[in-house]
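Let me begin by presenting the structure, written as structure tokens, before commenting on it.
The values are calculated or read from the model by the stated rules, or taken from the named source; none is laboratory data. Keep in mind that what you see is a predicted model, and the values were worked out from it rather than measured. With ideal geometry, Cβ positions are generated from the backbone for all residues, glycine too; neighbour counts draw on all protein chains shown.
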Amino acid sequence: MTTINKEEIQKFSDLAEEWWDVRGKFKPLHMFNPIRIEYITENIKQYFNITNANNNFLKNLNILDIGCGGGLISEPMARLGGNVTGIDASEKNIKIAQMHAKKNNLNIRYINKSPEQLNEFEKFDVILNLEIIEHVENVTLYIDACKNLLKKNGIMFTATLNRTFMSYFKAIIGAEYILRWLPIGTHDWNKFIKPEELEKLLSDKNFKTIDAKGLEFNPILRKWKRSNDLSVNYIICSAKN
């Protein structure tokens, strides 16, 4: 069994050269990144009771970024001191990520694998599943693999899209067809997952939800913000019991 969906991997491999072009196909992710990093780091600080105000406050944490792409989240986590491993099923994405990290003198371990292919004897304090779960082949197997890779009392962040009329209108019709923020066909609405479905899956695998927030785009300020509206983009922070 595998979590790899070859069609999905090919889509992102075809765009791999554009990962670090802030005006390119991944412009929406570059705009999205600050709010994701803010949410993740705030919850890590709170959960692990980190009072260190220095810029390397993640220094004692092993962090796994699944579906790391070109390293858009891996690099900020490494700059904050995290011991980061980024994995991706696309070899092309990994090569781009490795080149960019080397250019910026960042020590990040990048591996061309999916989570179930990793050695489960290696455990992480933090796992990042950001905009990846809607692209995998088998969600239950995927959550299982994450569980095996996370330390007891470790935390995981899962960011994805809700399966609602609003998400179809905004994330597919709006982002792909009208605004052309994303290539047409980037998302399959049927693979979106409702927060209550995701929480049930996590609960079944012995995860406890700590927090869930919506992530909303303000078109006037052209910025993302946190909200209590989970109808489109949302992120769940959960701990492994």
Pick from segment 69-86 the residues that are hydrophobic (A, V, I, L, M, F, W, C) and assigned to a loop (DSSP other than H, G, I, E, B): which of them is nearest to Leu128 (Cα to Cα)? Ile73
Within segment 87-100, is even one residue closer than 14 Å to Leu128 by Cβ and part of a strand (DSSP E or B)? yes
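With under 20 Å from Leu141 (Cβ atoms) and among the charged types (D, E, K, R) as the only criterion, which of Lys225, Lys200 stands out?
Working: Lys225 fails: under 20 Å from Leu141 (Cβ atoms).
Within the list Lys225, Lys200, the selection yields Lys200.
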On the given criteria, is Lys102 more than 18 Å from the chain's Cα centre (by Cα), of a type in the set (Lys, Arg) and at pLDDT below 95? no
Quick one: which of Ile94, Ile133, Ile40, Ile87 is under 30 Å from Ile172 (Cα atoms), touching a Lys or Arg at 6+ places or on another chain (Cβ under 8 Å) and either surrounded by 19 or more Cβ atoms within 10 Å (Cβ to Cβ) or free of Cβ contacts under 8 Å to residues at least 60 places away in the same chain (or both)? Ile87
More than 13 Å from the chain's Cα centre (by Cα) and farther than 20 Å from Glu91 by Cα: does that describe Leu80? yes
Hey, can you tell me all the residues within segment 211-234 that are surrounded by 15 or more Cβ atoms within 10 Å (Cβ to Cβ) and β-branched (Val, Ile, Thr)? Val232
By residue number, the members of segment 16-65 that are polar (S, T, N, Q), at negative phi and in a loop (DSSP other than H, G, I, E, B) are Thr51, Asn52, Asn54, Asn55, Asn56, Asn60
